[in-house]
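**Q** So that we are looking at the same thing, I have put the structure below in structure tokens.
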Amino acid sequence: MGLTAANSSADELTVGDFSRSNLESWREKSFFGKTDYSLVKLQDAFVLRAESRSSASGLFRKIKVDLNKYPYLNWRWRIEQRLTTSNERVKTGDDYAARIYVIIDGGLLPWRTMAVNYVWANRAEKHDIWPSAFAGKNSMMAALRNYQDLTATWYHEKRNVLEDSKEMLGKDITAIDGIAIMTDTDNNQDFTTAYYGDIYFSAN
């Protein structure tokens, strides 16, 4: 899919058009059970709701984004319940109330696929970066939120993916191939509800 999406302009590229009640082009991938994703109206706007009960599945959208043109990823999110996770760096603690990640496709060499994960952690300190407990250094985690942040409260995020991917993956990544959303609670048998607002890339 090329650089075209609803609500796109010269300065913005929309990836998740949830406020228009649109889930077109998004597909689900299950790792364990099924997180329930649905479009709901909250505070007079449509958003994506994710309800996870001891489950781990995500929504992903394949979309090529030129990071030289659109380096910034923008979104808002909130969670309703904190998780009980004590250590996100090990497989038994690899749960996140909310997560958005950008994917760099390895093509015919799937083991070369990489990802930058922006996570709402529990115990990890804000700004901590670490390798995925399951995928290692090909999938790096960055804690933007944690137990110190309020529940039932919207937070707006803006990340320079061009810079983050170089810092976290150690490579000059100039394009990404997809975006994924995931609320997962399978390792600690938790329950949580998270909400995601529109997701878009911007030039500045």
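**Q** Near the amide H of residue 33, under 5 Å away, which other amide H atoms are found, from residues 5 or more places off or on another chain, if H is placed in the peptide plane?
**A** Here 56 satisfy the definition.
**Q** Once neighbouring chains are kept in place and the probe is 1.4 Å, which whole percent of the accessible area of segment 1-111 is contributed by carbon and sulfur?
**A** Values: 2810 of 5780 Å².
After summing per-atom areas, the C and S share lands at 49 percent.
**Q** While we're on this one: Can you give the FRET efficiency for residue 111 and residue 41, using 1/(1 + (r/R0)^6), R0 = 30 Å, r = Cβ-Cβ distance, to the nearest 0.05? Don't skip to the end; give the middle numbers.
**A** Numbers: r = 42 Å, r/R0 = 1.39.
Plugging the Cβ-Cβ distance into 1/(1 + (r/R0)^6) gives 0.10.
**Q** Which lysines have a Cα less than 16 Å from the Cα of residue 158, not counting those fewer than 8 places away in the same chain?
**A** 69, 126
**Q** Still on this structure, please answer the following. Give me the dipole magnitude in Debye, nearest 20, for the chain about the Cα centre, with unit charges on the beta carbon: positive for Lys and Arg, negative for Asp and Glu. Numbers along the way, then the final one.
**A** Values: 26 positive and 27 negative charges, 43 e Å.
Approximately 200 debye in magnitude.
**Q** If you don't mind, there's one more thing I want to ask. Rounded to the nearest 20 Debye, what is the dipole magnitude of segment 98-204 about its Cα centre when Lys and Arg each give +1 and Asp and Glu each give -1 at the C-beta? Please list the in-between numbers first.
**A** Values: 10 positive and 14 negative charges, 33 e Å.
Computed charge dipole of segment 98-204: roughly 160 debye.
**Q** What figure, in Å² to the nearest 10, do you get for the accessible area of residue 36 with a 1.4 Å probe and non-protein molecules left out?
**A** Accessible area of residue 36: about 70 Å².
**Q** Measuring from label point to label point, each 7 Å out along Cα→Cβ, what is the residue 126 to residue 81 span in nm?
**A** That separation, rounded to one decimal, is 2.5 nm.
**Q** If you place +1 on the Cβ of every Lys and Arg and -1 on the Cβ of every Asp and Glu, how big does the dipole about the Cα centre of segment 76-147 come out, in debye to the nearest 20? Working shown, then result.
**A** On the way: 11 positive and 7 negative charges, 25 e Å.
Dipole of segment 76-147, to the nearest 20 debye: 120 debye.
**Q** Still on this model: Over 18 Å between C-alpha atoms is what I'm after, so list which of 34/137; 137/171; 91/137 land there.
**A** Values: 34/137 26 Å; 137/171 12 Å; 91/137 14 Å.
Those over the limit are 34/137.
**Q** What is the sum of charges around residue 191, taking Lys and Arg as +1, Asp and Glu as -1, for the other residues whose C-beta is under 9 Å from the C-beta of residue 191? Numbers along the way, then the final one.
**A** Working: positive: 53; negative: 51, 190.
Around residue 191, the surrounding residues sum to -1.
**Q** Right, next: Which of 173, 56, 79 sits farthest toward the positive end of the charge dipole of the chain, with +1 on the Cβ of Lys and Arg and -1 on the Cβ of Asp and Glu?
**A** Sorting the options by dipole projection puts first 56.
**Q** What nm distance separates the two modelled labels at residue 27 and residue 137, each placed 7 Å from Cα along Cα→Cβ?
**A** With each label placed 7 Å out from Cα toward Cβ, I get 3.0 nm.
**Q** Kindly report the accessible area of segment 75-180 per residue (heavy atoms of protein chains, probe 1.4 Å, no ligands, DNA or RNA), in Å². Show your work: numbers first, answer last.
**A** Details: 4990 Å² over 106 residues.
Using a 1.4 Å probe on heavy atoms only, each residue of segment 75-180 averages 47 Å².
The values are calculated or read from the model by the stated rules, or taken from the named source; none is laboratory data. These numbers were taken from a predicted model, which means no experiment stands behind them. In this analysis, Cβ positions are derived from the backbone assuming ideal geometry, glycine residues included, and neighbour counts consider all displayed protein chains. Accessible surface areas use protein heavy atoms only, side chains included; no ligands, DNA or RNA. Shrake-Rupley method; radii C 1.70, N 1.55, O 1.52, S 1.80 Å.
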